1. Subtracting the Cα-Cα distance from 0.36 nm times the residue separation, let me have the gained length for L262 to N85 in nm, one decimal.
2. Specify the inter-centroid distance of the stretch 1-80 and the stretch 288-354, based on alpha-carbon positions, in whole Å.
3. Using a basic spin-label model with each label point 7 Å from the Cα along Cα→Cβ, how many nm lie between R382 and K143?
4. Lys and Arg at +1, Asp and Glu at -1: add these up for the other residues within a Cβ distance under 15 Å of Y138 and post the number.
5. Tell me, what is the FRET efficiency for K374 and D349 to the nearest 0.05, using R0 = 22 angstrom and their Cβ-Cβ distance as r?
6. In debye, nearest 20: dipole of the stretch 1-87 around its Cα centre with unit charges on the Cβ of K, R (+) and D, E (-)?
7. R0 = 35 Å: FRET efficiency of N95 with K282, Cβ-based, nearest 0.05?
8. When the chain is treated as a GNM, springs tying every alpha-carbon pair under 10 Å, which of G142, G383, G121 comes out with the largest mean-square fluctuation?
Amino acid sequence: MGRKDARVLPEGITLHKRYIVGNVLGIGGFGITYAAYDKKQRERLAIKEYFPAEWAMREQAGIRIVPGGQTKNKVYRHGQEVFINEAKILNRLQNIPSVVNVKDFFAENGTAYMVMEYVDGYTLSGYMRQKNMKYMPYDMAGKIIKNAGIAAQQVHEKMLLHRDMGPDNIMLLKNGEIRLIDFGATRMYAMNSNKSMSVLIKPGFAPIEQYSRTGKQGPWTDVYALAATYYYLVTGTKPPQAPDRIAGTTLVPLHKQTNPHLHIPYRISKAVEHALKEDWKKRTKSMREFLTEMGMLSTPYILMKTGERYMRYPIGPDYTFCIGRAPQTNQIVLSDRQVSAVHCKVQYDVRNNRFYIKNYSSNCTFTSRGTLKKGKGAYFDRGEWFYIRTSKAVYTFYLEVE
């Protein structure tokens with residue numbers, strides 16, 4: 001077993017009777033992340049150990065972690081509960097491709113551990129240092145921010161906030177994909193303690209509400225951080241710190257930057273300004289709204305043909321759309337007794353710009369790719385069509401994106 005730092009676990013020890021601990025990948029204010037190997041599944045992983053350095057210490061034996069005194073025991077234990085709860089939530093987010101995959105979690109050695117996929121790549125800040133970039137190409141930054149925003153929107157729909165988005169917590173993989181890492185659930189409780197909040201925020205990326213224990217946080221908090229990340233990527237400069245902005249320091253809009261290599265469209269500059277408003281009430285409220293204003297998010301919709309007329313029905317923020325007879329469960333209601341209560345469901349895959357249709361009726365759904373019987377589904381591209389046929393009428397629908 002090897003050991004270079006008294007704060008970290010010795011290399012080679014086994015956790016939970018299956019995970020062999022390797023070298024340290026990173027040390028933060030609330031934990032240490034190690035490379036690891038799963039003996040059961042025979043795969044390389046990463047393990048994050050809950051270790052809030054200001055509340056706890058590692059015993060002399062070098063394995064177990066204990067609170068740093070009776071006064072810090074309560075905050076340490078609560079933080080451990082929040083850490084495990086975060087792991088449980090992230091474990092349920094495995095269907096979101098751009099969120100780091102949490103495979104397992106457990107309590108051991110007086111603390112808690114989160115077992116994650118091993119991400120082969122760099123944080124955005126690390127990537128820029130590695131490539132000696134002063135700023136990132138416009139197209140590349142846009143693609144990264146779009147994918148990170150889509151992932152964050154899906155996380156928000158699960159009632160979880162990241163609270164610490166930034167170039168240090170978005171990873172760029174070697175295959176070009178991104179991962180959101182280091183969700184900051186434990187930070188929320190820490191803000192209710194008496195310790196300094198200086199280690200809990202990233203100056204330039206954290207909005208003003210994160211500087212206060214009573215600040216109103218929500219999806220708009222992550223929107224600010226992601227917009228600040230975009231600002232940093234394309235300029236190489238962080239926005240002014242939130243307290244400085246409140247005190248009068250001006251944020252230079254992207255379209256007014258003096259960098260001769262920076263040619264940011266006015267629409268994008270205004271979208272970033274809106275997302276970086278100091279007052280959360282005036283700020284962009286959701287990731288979907290931010291990406292839409294940035295021109296990064298397509299709006300899917302369904303065209304319904306009735307005779308020679310077309311009715312346009314946008315597919316909502318959850319990208320799910322139902323067609324059937326029951327008014328309470330469908331976006332398009334067909335008053336036809338031969339149409340099922342819910343005849344079919346249309347879902348839009350924003351990442352791949354495709355539609356998925358599933359038929360729920362014994363009366364088939366007829367499509368440009370063939371007939372869908374009850375319980376069957378298929379993927380479709382924009383411009384394709386489907387219809388429902390009864391003795392009364394033929395209801396025709398077209399899948400479109402703008």
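1. On the way: separation 177, 0.36 × 177 = 63.72 nm, distance 4.25 nm.
Here the segment from L262 to N85 would lengthen by 59.5 nm.
2. 48
3. It works out to 1.9 nm between the two label points.
4. Details: positive: K134, K143, K146, R267; negative: D139.
With Lys, Arg at +1 and Asp, Glu at -1, the net is +3.
5. Values: r = 22 Å, r/R0 = 1.02.
Approximately 0.50, to the nearest 0.05.
6. Values: 15 positive and 9 negative charges, 55 e Å.
Charge dipole of the stretch 1-87: 260 debye, to the nearest 20.
7. Numbers: r = 34 Å, r/R0 = 0.96.
Plugging the Cβ-Cβ distance into 1/(1 + (r/R0)^6) gives 0.55.
8. Sorting by GNM fluctuation, first place goes to G383.
Quick note: the coordinates plus some simple rules give every number you see, no bench work behind them. Keep in mind it's a predicted model, so treat the numbers as computed, not measured. FYI the Cβ positions are ideal-geometry reconstructions off the backbone, even for glycines, and counts take in every protein chain you see.
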